[in-house]
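Data first, discussion second: the structure below is written as structure tokens.
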Amino acid sequence: MIQLQLSTAVHPALKHRGVDFSDPFQWFWSGHQFTINQQECLLLMERQSGYVMLFFDLTGQDYAAFLRVWQRRLLAEVLTVSDLDPLSQSRLQVELLERCTQLHISERAPMVTPSMQMVVSGVELLAKRYQGLPENESEEFRWGVILNQARRFQGETAYQRFADDCLLWMNDVYAVDEPAKAVVWH
């Protein structure tokens, strides 16, 4: 299960749904909306790894189709970060797309954690350095990489922790039966 926790203040058009905790795989993401240079920014942070995704200047249409916008972006970032061979990438893509269809958006009280505030400060520094904000998804991802590589948790960067989580998930989802060399689906 993938759960995305957003306050209704992020955008009223987002639909909040209940959560199914029966799935052993769980990713919890929290969102925080902030403004830089009069532009709306959305920060999503995965709870265990601290991995961050950034979105800038989302439109009403983007929010109306936010599940698709976020699923596409999540898939692209997971495939890039995990750096897998083509067969494993294909398997991960299939599994992640299935998980994304089970995405739950839950409501939470607006709360900015110290980690989120640190990322906001990092975004402000990047905006000053580059004299503006990202104008496309590729630049948003690049800024996320910079921030994820800069932040450390227990000796690892948030980027590396997220990559490790993706690989652990892949190994758990696709166990290989050695004698038969067959993929066993869980």
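Contact map, region 159-186: first residue over 23 Å from GLY144 (Cα atoms), second residue part of a helix (DSSP H, G or I) and modelled with pLDDT of 75 or more, Cβ cut-off under 7 Å, separation 6 or more or different chains; pairs are VAL173/GLU95; TYR174/ARG91. Which residue is farthest from the chain's Cα centre (by Cα), if the candidates are limited to region 147-166 and must be buried (at least 16 other Cβ atoms within 10 Å of the Cβ) and hydrophobic (A, V, I, L, M, F, W, C)? My answer is LEU147.
The values are calculated or read from the model by the stated rules, or taken from the named source; none is laboratory data. Just so we're clear, the structure is a prediction, and the values are computed from it rather than from any experiment. Neighbour counts are summed over all protein chains in view; Cβ atoms, including those assigned to glycine, are modelled from backbone coordinates with ideal geometry.
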